[in-house]
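Read-outs: derived from the displayed coordinates by stated rules, not from any lab. A quick note: this is a predicted structure, and the numbers were derived from the prediction, not measured. Methodologically, a virtual Cβ is constructed for each residue, glycine included, from the backbone with ideal geometry; neighbour enumeration extends over all protein chains shown.
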Amino acid sequence: MLILACQVLCLLQAAGPMPPPGPLLTPMVQLDQHTVLPTPTPVQDVAGFVRDHSVTLLVQTGEGRLIRKGQAALSTPEGYIVTSLDLVVGGSSFLVSGGLVGTARAAKALAVSRKGKLAILQLEMKENERLGDQTPRTNIAPGVGDKVFGVGAEGATAEGKVLSVSEDADGTRLMKTSVALPAGSPLFNYRGQFVGVRRVSSGPQAGLVVFVASSVPGDWVDYFPSSLREPIRKKAIESLPAN
């Protein structure tokens, strides 16, 4: 045994000094299965995007007499405008200004949603003209406490949150927010997605925001003529945007 121990010691001495121990390996951190990672923001400058896509809407008679003034959302580069139906009812001519639209230009009423809460108009556009980017939409409604954005009466971006959520008799989701918005104003979530339109109607639902899901354009089935006082003509709309 003594001879074997001497042989081992001789071999170790011949091999030189022992290398220092390697770095201590730290085990990888495992995310809990319920951990929610941050979602990428599709709009980097949310406030700027909100200002660009919020426009002023003048509702007039055929003779040019002003009936109402409110706001609307510039929904697509093709010049579609989404607002509250009761803002435009009774109007024969419409002027849109502000945001990416710039100076006032005429628009025509195109359609009303099947549930009769939203209206869509279209600007008079030049050939091959496009206005900004597609407005992102979602099927996920903001919840209580979620941050939302709009444009106030003075034209400045207003930030607030959802105070309560309810449903109408026909299942339409309605939201009460802390943001004071003009009639027909669009509402955007913290990611810059267009999520709703402020109602104008009187009564307990006055001022509530109607949630506009991304699937809503599939419900645009009623064409109506330039004057909303005339009977609505039924016709399917094939060319409205998917978003």
In whole Hz, the Karplus estimates of ³J(HN,Hα) for the stretch 50-65 (6.51, -1.76, 1.60; θ = phi - 60°; x where Gly or Pro) are 4, 5, 5, 9, 9, 10, 8, 10, 9, 9, 10, 7, x, 8, x, 7
Under 5 Å from the placed amide H of Leu118, counting only residues 5+ away or on other chains, we find Leu85, Ser113
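Hand me the trypsin sites (Lys or Arg not before Pro) from the stretch 124-193 located in a DSSP loop with no more than 13 other Cβ atoms within 10 Å, in residue order please.
Numbers: sites: Lys126, Arg130, Arg137, Lys147, Lys161, Arg173, Lys176, Arg191; in loops: Lys126, Arg130, Arg191.
Sparse-neighbourhood loop trypsin sites (Lys or Arg not before Pro): Lys126, Arg130.
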Determine ³J(HN,Hα), in whole Hz, for all residues of the stretch 152-159 in sequence, where each value follows from phi through the Karplus function 6.51 cos²θ - 1.76 cosθ + 1.60 and θ = phi - 60°; x replaces Gly and Pro. x, 4, 8, x, 8, 5, 10, 10
